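The values are calculated or read from the model by the stated rules, or taken from the named source; none is laboratory data. All of these numbers come straight from a predicted model, not from anything done at the bench. A quick note on method: Cβ atoms are made from the backbone with ideal geometry, for glycine too, and the neighbour counts reach across all protein chains shown. Surface accessibility is based on the protein's heavy atoms, side chains included, excluding ligands, DNA and RNA. Shrake-Rupley method; radii C 1.70, N 1.55, O 1.52, S 1.80 Å.
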Amino acid sequence: RIIKQYPVSTSKYGIGNKGGSFKTPLGKHVICSKIGRHVRLGAIFRNRRNIKKIAKIGEDREKDLITTRILRLLGLEKGKNKGKGIDTYERCIYIHGTAEEHLIGKQASHGCIRMKNRDIAELFDLVPRGTRVLISRH
């Protein structure tokens, strides 16, 4: 059931599932891990680790920064978002915050689902690990 809705950004390269395409994969997913509990809004992550720097929201452009919280996704559909060369988990597709909040609502990411930092912090607290996520064309 839908609890709440948020504006997001998907890939500037479009929809797709191939590794290296930087496209957003469609289909059924599950939140398999949650990263960043209790870090400051705007905290920057690299390789899913807080690097102890805070992004300048709206100023750190063209870096595709991962900020505030990470909800890591695992694809559930073999041949669509799960399996060799198309695996959402292996591709490191997340729902996460961004320094480029001005681009929310536009295609802007490198495959992930981007959210405003306050929104991802709220969503992080609302959904448990194991929550199902459907990525679809509206």
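Descriptive notes on the structure:
- DSSP-assigned coil residues among trypsin sites (Lys or Arg not before Pro) in segment 75-114, each with at most 10 further Cβ atoms within 10 Å: Lys84
- In degrees, nearest ten, helix 117-126 long axis to first principal axis of the chain (Cα): 60
- Prolate/oblate/rounded call for segment 38-138, Cα gyration tensor, a/c under 1.5 rounded: prolate
- Unsatisfied cross-links (Cα-Cα over 26 Å) in the set Lys52/Lys78; Lys63/Lys116; Lys52/Lys82; Lys23/Lys78; Lys80/Lys116: Lys52/Lys78; Lys52/Lys82; Lys80/Lys116
- Residues listed by number, segment 23-58, amide nitrogen under 20 Å from Arg1 label point at 7 Å toward C-beta: 31
- Solvent exposure of the chain, expressed per residue, is 59 Å² of accessible area, with all protein chains present and a 1.4 angstrom probe.
- Modelled label positions at Lys106 and Lys63, each set 7 Å beyond Cα in the direction of Cβ, lie 1.9 nm from each other.
- Extension gain for Arg49 to Leu134 (0.36 nm times residue separation, less C-alpha to C-alpha distance): 28.0 nm.
- Apportionment of accessible area to carbon and sulfur, segment 1-106, percent (1.4 Å): 49
- GluC sites (Glu not before Pro) restricted to DSSP loop in segment 1-89 with at most 13 other C-beta within 10 Å: Glu59, Glu62
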